[in-house]
2 protein chains.
Amino acid sequence: MKKVTIRDVASHAGVSYQTVSRVINNHPDVAEQTREHVLQIVRDLDYHPNATARNLVTRKPNTFGLIAGDFGEYFFTQVIIGAEREARKNDFFFMLGITESKPQDEPEYFRMMAEQPVAGILFARPSPKLWPDNQHIEDLLDRGMPLVTVAYHNLTGSHIVVDVDNIQGGLLATRCLVEAGHRRIGMITGMPGWQAAGDRALGYRKALEEAQIPHVPDLIEPGDWSYRSGDLAAQRLLRRIPDLTALFVQSDQMAIGAMAALRTAGYSIPEDIAVMGYDDLPVAQYAYPALSTIRQPMQELGQLAASLLIDATKNPASGKKTVLLQPELIRRDSCGTRPPP
Amino acid sequence: MKKVTIRDVASHAGVSYQTVSRVINNHPDVAEQTREHVLQIVRDLDYHPNATARNLVTRKPNTFGLIAGDFGEYFFTQVIIGAEREARKNDFFFMLGITESKPQDEPEYFRMMAEQPVAGILFARPSPKLWPDNQHIEDLLDRGMPLVTVAYHNLTGSHIVVDVDNIQGGLLATRCLVEAGHRRIGMITGMPGWQAAGDRALGYRKALEEAQIPHVPDLIEPGDWSYRSGDLAAQRLLRRIPDLTALFVQSDQMAIGAMAALRTAGYSIPEDIAVMGYDDLPVAQYAYPALSTIRQPMQELGQLAASLLIDATKNPASGKKTVLLQPELIRRDSCGTRPPP
DNA sequence: TATAAACCTGTGAACGTTCACGGTAAAAAC
DNA sequence: GTTTTTACCGTGAACGTTCACAGGTTTATA
């Protein structure tokens, strides 16, 4: 694995290494004839500039750190796909760090990322509201590291947040059920303490207020986003409120679990109970019945995050900023179309 | 963002930079007292060794390239999670490259990876049997780059393949249906040309031969792994063979799509038609009815891949090698328990 | 024609680390 | 008491690139 260096190219081309450097960096100060000659030699020798050496001197690595929590979740994989696409367009790479939602491992990840040549960090960890300690992140911000988080985090340092408007999403979902005539609308929330879960619940309350429907805490059960938790939460809810007519579930996974519980309990969907999910997973339209849901622009979110990160590397310390994208209502069979009796 | 270097540590500690280097690399030739003193200074100054400079001189980067095709697919995300976990244990990072299954972009990805400091490449692209051109991969192998592919590829150079035994998986799935007494067993295959699709079909034929059931090509419909393709393929199949009693679908996604088609066509599952999926996605047990399937050890596969890659960086050119993991049958409601009438 | 300005090119140093080697002092061997 | 070994530590060079600056042509301006 012999490496060909800039000096090899220079000697073959009969110019100085600096000229070669200028050519490969598209510096204007080089004669057109020289440039083409050098480029020819570059091709002949199959020369590739060494990114390590380049980073060492420029301190502008073309690499971002990507710290993700629930990497296996569809939402985050889609965000990453979008981010990677945008990064690629601008010749950036992502270095992968998967914490698997173990907060205690996070400082270690940040430390390791800091040793790597990263120009910024994309932080795609979900956001429990009361995360024990963010000191390691604040330290990094203090040192001027550009940071974009998808989903809100309670940080004081200068960073950028991108997210989908969860209040609006909860509002759209609940309003759709309200407009179908439902008055006893249950809700299965996401993991308690998460910003997304809280915001979607705010949207739910807002929709109820609009329709002057009283808010009944008994209609709400917490889940943890998983299929299984939706199943269990629905069971608890039905035991307490057997005459429920509609159910807003804060994730499609939980909604599918909940629908399994409803079927088992003998309810038919949407005739007895209308169900509304959240996320628009690919499986949603093949669930039984096809699941009405709130679509989130996940890849766009990632793309936006990456593009803001790239901006941040160019004009550092641009201050705190938040960008929200808008969700969209997708109507399918599970929410019915007519008011209940 | 002031950087503290090895020389800063050295001058603060009153030793030479070389001594500091020895300390942070755990070299034995340093007095215990000196070592502790230096480590104290390291902590005080919050010194982190610069990986870029280190790589430049050692040429042993702690980074792997990860080139993935269908990044959004559950299978591959799980593989990546496993691989990342193993990499982390050994202080390796992955650099992400997502080709989104566009073969024409691949050479570009390989080129870019080659410029980055990568010690090896994990290639998690799915494997159409007749991929147009693998020259860019062969070139890399010739230059001695360690390569591990998950899923088979038709490469001549020295590399390592890890995969799950798809023939065995197809055998287990089909045999389960045979043992329940079925004789007219349909199959929806994955994307034509993929090794996995072909191998699972081989397992299907093997199971039929065991039971001396004739192989009827009309019972087979191709899909492309997606929900939608399972839906469509099942519709085509039912139109041709209305008295089908069992169906082996080569992915859970397609199986869920197919079950939607069966329901729409008025069949009940498993009474009229038994269904067997493949993958054991989390959604499988919350499908309606709960989906029998073949579980693949995805994270283990990734872990294995990473560990073999790490080995390969230590003893290069270990030749071609293939490691297969074994799948497992998961029985749920969709395949029924009694023979059909 | 002399001079200034543009254009192009080359040299030394630096980025932060490790490697190869050499050196000094203390401890062990004769 | 001299020599040899051992243990520890430091200096110069290198990795492959870019940056700052200085030099040399050629072209444009006075």
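Values in this text are rule-based calculations from the coordinates and carry no lab data. All figures in this text were calculated on a predicted structure; none of them were measured in a lab. When we count neighbours, we look across all protein chains shown, and the Cβ atoms used for this are built from the backbone with ideal geometry, even at glycine.
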- prompt: Looking at this model, which pairs from A:LYS89/A:LYS314; A:LYS3/B:LYS60; B:LYS60/B:LYS321; A:LYS314/B:LYS102 are more than 20 angstrom apart at the alpha-carbon?
  reply: B:LYS60/B:LYS321; A:LYS314/B:LYS102
message: Once the convex hull of the alpha carbons of chain B is built, what does its volume come to per residue, in cubic angstrom?
response: 170
query: Ordered by residue, what ³J(HN,Hα) values in Hz, to whole numbers, does region B:60-75 give under the Karplus form 6.51 cos²θ - 1.76 cosθ + 1.60, where θ = phi - 60° and Gly and Pro are x?
result: 10, x, 9, 9, 10, x, 10, 10, 10, x, 7, 4, x, 6, 3, 3
task: Rounded to the nearest 0.05, what FRET efficiency do A:GLU108 and B:GLU115 give with R0 = 45 Å and r taken as the Cβ-Cβ distance? Could you check?
output: 0.95
- line: With x for Gly and Pro, the residue-by-residue ³J(HN,Hα) of region B:308-315, computed from phi through the Karplus equation 6.51 cos²θ - 1.76 cosθ + 1.60 at θ = phi - 60° and given in whole Hz, is 5, 5, 4, 4, 5, 6, 7, 10
task: Would you pull out the residues with amide H under 5 Å of B:PHE94's amide H, same chain only if 5 or more places away, H placed 1.01 Å from N?
output: A:LEU96, B:PHE64
statement: Once Lys and Arg are counted +1 and Asp and Glu -1 for all other residues with Cβ under 14 Å from that of A:SER21, the total becomes +2
- request: For region B:131-199, list log₁₀ I(q)/I(0) at each q in 0.20, 0.22, 0.23, 0.29 Å⁻¹, using the Debye formula over Cα point scatterers of equal strength and ignoring solvent, two decimals each.
  value: -0.88, -0.98, -1.03, -1.28
query: Label-point separation (nm) for A:GLU100 and B:ARG205, each offset 7 Å from Cα along Cα-to-Cβ?
result: 4.0
- request: Under 10 Å from the Cβ of A:ASN62, count the other residues' Cβ atoms, weight Lys and Arg +1, Asp and Glu -1, and hand me the total.
  value: 0
query: Comparing A:VAL275, A:VAL23, A:VAL249, which has the greatest mean-square fluctuation in the GNM of chain A with Cα pairs linked when under 10 Å apart?
result: A:VAL23
message: Taking B:ASN154 in one copy and the same position in all the others, each labelled 7 Å out along Cα→Cβ, what are the pairwise distances from the first, in nm, shortest first?
response: 5.8
message: To test your reading of the geometry: what angle, between 0 and 90 degrees and rounded to tens, separates the Cα axis of helix A:227-240 from the longest principal axis of chain A?
response: 20
field: Listed residues B:ASP44, B:ASP231, B:ASP70, most fluctuating in chain B (Gaussian network, C-alpha, under 10 Å)
entry: B:ASP44
field: Pairs of alpha carbons in region A:1-141 whose separation is greater than 21 Å (percent)
entry: 57
task: May I ask for the Rg/Rh ratio of the protein assembly as shown, computed from Cα atoms with Rh as the Kirkwood radius, given to two decimals?
output: 1.02
query: Between A:PRO28, A:PRO126, A:PRO282, which gets the highest mean-square fluctuation from a Gaussian network model of chain A, Cα cutoff 10 Å?
result: A:PRO28
- request: Return the FRET efficiency for the residue pair A:ASP142, B:GLN212: r is the Cβ-Cβ distance, R0 is 60 Å, and the value is rounded to the nearest 0.05.
  value: 0.25
statement: The ratio Rg/Rh over the Cα atoms of region B:223-341, Rh being the Kirkwood inverse mean 1/r radius, stands at 1.15
- prompt: Between copies, how far does the label point of A:ILE213 sit from its twins, in nm, shortest first, when each point is 7 Å from Cα along Cα→Cβ?
  reply: 4.9
field: Label geometry 7 Å along the beta-carbon vector: A:VAL57 inter-copy distances in nm
entry: 1.8
- prompt: Residue by residue, what Karplus-based ³J(HN,Hα) values in Hz, rounded to whole numbers, does region B:4-9 have, using 6.51, -1.76 and 1.60 with θ = phi - 60° and x for Gly and Pro?
  reply: 9, 9, 5, 6, 4, 4
- request: Please express the Cα-Cα pair-distance distribution P(r) of region A:137-248 as a list of whole percents, one per 5 Å bin, running from 0 to the bin with the greatest distance.
  value: 2, 11, 18, 18, 17, 11, 7, 7, 5, 3, 1, 0
task: Any chance you could give the angle, 0 to 90 degrees and rounded to 10, that helix B:106-115 forms with the longest Cα principal axis of chain B?
output: 20
task: Extending each Cα 7 Å along its Cβ direction at B:ASP272 and A:ARG236, get the distance between those two points in nm, one decimal.
output: 3.9
- request: Tell me the label-point distance for the pair B:THR264, A:ASP91, using the 7 Å Cα-to-Cβ offset, in nm and rounded to one decimal.
  value: 4.9
- request: Restricting to the protein assembly as shown, compute how many DSSP beta bridges are antiparallel as a %, nearest 5.
  value: 15
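Divide, for region A:254-307, the radius of gyration over alpha carbons by 2.2 N^0.38 Å, where N is the residue count.
Values: Rg = 14.2 Å, N = 54, 2.2 N^0.38 = 10.0 Å.
The value comes to 1.42.
Name the longest site-free stretch of chain A, where the excluded sites are GluC sites (Glu not before Pro) in a DSSP loop with no more than 16 other beta-carbon atoms within 10 Å. If you can, show how the numbers build up before the last one.
Values: sites that count: A:GLU100, A:GLU271.
Here the longest segment lacking exposed loop sites spans A:101-270.
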- prompt: Tell me, what does the Kirkwood hydrodynamic radius of region B:67-187 come to in angstroms if you use every pair of distinct C-alpha atoms?
  reply: 16.3
